[in-house]
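Quick notes on the structure that follows.
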Amino acid sequence: MSVASSPPRRAVLFDLDDTLVPWHTVAHWQWAWRPQGPVLSERHTQAAIRRSLHHWDRRRWEGLVGAGPPTTADDLREALRAELFAIAAHPLPTAETEAVVDRFLRPAGEGEAFADAAPTLAALAERGVRLGVVTDLPLASARRALARAALPEDLLVLHGDDAEARLPSAAAFRLAAARLDVKPRGCLYVGDLFWSDVRAAARAGFASVLLDRTDALARVTGTRVRSLAEVPGLLAAPAPASAMPGPDAAAGTGP
């Protein structure tokens with residue numbers, strides 16, 4: 001698509017957790033589960049988080065395409081329980097599990113932040129680009145996440161407690177665009193999960209960009225960035241091709 005034929009990108013819609021704000025991190029799980037120690041193994045915990053997010057991405061995609069029921073708030077909690085058990089390497093007692101998941105969803109105090117988030121938002125705002133944030137986290141969790149990273153809470157346009165539509169449905173993405181007063185084709189979406197973020201947004205009519213901070217998804221074709229700092233430059237370029245899997249990626253399983 002040429003620059004001339006590309007619709008202007010009047011808005012950018014960001015996924016919240018692990019795109020704008022660190023969320024599934026060793027430090028967050030340390031605080032939620034073992035605030036007094038012992039210290040979690042960095043290597044083991046990161047590997048457990050990666051596997052768990054892969055499964056969650058696949059589960060959300062299956063719900064989107066009809067291979068399973070759509071995901072709910074209960075499914076999100078179940079995914080967090082499974083992530084905790086993967087980190088612990090064994091199931092925990094029910095009471096402890098629920099307490100840890102509650103702490104994970106209601107973090108307190110100052111949190112981690114991505115150094116590229118605030119400057120990117122500022123650069124886009126200076127250009128008059130409309131900005132929004134979406135997530136399937138509960139409203140209270142989403143607000144805490146933004147506040148802990150010193151990002152404006154009024155960026156939030158769609159959250160997991162929203163009664164009108166739930167991500168990653170096309171209805172939810174389109175609702176988010178409507179709340180920014182743009183059509184999907186006039187909005188760029190940036191997310192860190194391949195299937196249920198980027199591909200789901202593309203199915204809803206958005207130009208979508210995969211944020212791959214660790215260069216872990218090199219076989220994905222289409223627009224992929226390593227930093228949010230690259231996003232403003234995409235608005236002056238031809239509409240990015242929505243990220244597509246490489247030839248060895250099986251649909252529905254994630255890259």
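The values are calculated or read from the model by the stated rules, or taken from the named source; none is laboratory data. As the structure is a prediction and not an experimental result, all values here were calculated from the model. Note: ideal-geometry Cβ built from the backbone for every residue, glycine included; neighbour counts use all protein chains shown.
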> Does R60 count as surrounded by fewer than 18 Cβ atoms within 10 Å (Cβ to Cβ) and basic (K, R)?
Replying inline: no
> Does at least one position in the stretch 66-73 carry a residue that is outside the structural domain of A202 (by TED's automatic domain parsing), in contact with a helix residue (DSSP H, G or I) (Cβ under 8 Å, 6 or more places away or on another chain), in a helix (DSSP H, G or I) and in contact (Cβ under 8 Å) with a residue 40 or more places away in the chain?
Replying inline: no
> Any idea which residue in the stretch 178-191 is surrounded by the fewest Cβ atoms within 10 Å (Cβ to Cβ), counting only those that are among the aliphatic types (A, V, I, L, M) and either in a strand (DSSP E or B) or in the same structural domain as R50 (by TED's automatic domain parsing) (or both)?
Replying inline: L188
>> Suppose we filter the stretch 188-214 for residues that are more than 18 Å from L124 (Cα to Cα) and touching a Ser or Thr at 6+ places or on another chain (Cβ under 6 Å); how many remain?
In response: 4
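Results for (1) among the hydrophobic types (A, V, I, L, M, F, W, C); (2) over 23 Å from A172 (Cα atoms); (3) modelled with pLDDT under 95, shown as yes or no for each residue.
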site: D192; (1), (2), (3): no, no, no
site: R219; (1), (2), (3): no, yes, yes
site: S242; (1), (2), (3): no, no, yes
site: A249; (1), (2), (3): yes, yes, yes
> Hey, any hits in the stretch 2-17 for a residue that's of a type in the set (S, T, Y) and either in the same structural domain as T135 (by TED's automatic domain parsing) or within 27 Å of T214 (Cβ to Cβ) (or both)?
Replying inline: no
> Which residues, counting only those in the stretch 128-145, are crowded, with 22+ Cβ neighbours inside 10 Å and either part of a loop (DSSP other than H, G, I, E, B) or in the same structural domain as D57 (by TED's automatic domain parsing) (or both)?
Replying inline: T135, D136, L137
> Are any residues in the stretch 74-95 assigned to a helix (DSSP H, G or I) and over 15 Å from G160 (Cα atoms), and if so, which ones?
Replying inline: R81, A82, E83, L84, F85, A86, I87, A88, T94, A95
> List pairs: first in the stretch 75-100 and in contact (Cβ under 8 Å) with a residue 24 or more places away in the chain and over 12 Å from L53 (Cα atoms), second part of a helix (DSSP H, G or I) and of a type in the set (V, I, T), Cβ under 8 Å, 6+ apart or cross-chain?
Replying inline: R77/V101; I87/T45; I87/I49
> From the residues in the stretch 192-209 that are without any contact (Cβ under 8 Å) to a residue 40 or more places away in the chain and of a type outside the set (A, V, I, L, M), which one is surrounded by the fewest Cβ atoms within 10 Å (Cβ to Cβ)?
Replying inline: G205
>> Looking at the stretch 146-177 only, could you name the residues that are part of a helix (DSSP H, G or I) and small (G, A, S)?
In response: A147, A170, A171, A172, A176, A177
> Counting only residues that are without any contact (Cβ under 8 Å) to a residue 12 or more places away in the chain and not aliphatic (A, V, I, L, M), which one in the stretch 101-126 is surrounded by the fewest Cβ atoms within 10 Å (Cβ to Cβ)?
Replying inline: E126
> Does S169 satisfy the condition of being surrounded by fewer than 20 Cβ atoms within 10 Å (Cβ to Cβ) and among the polar types (S, T, N, Q)?
Replying inline: yes
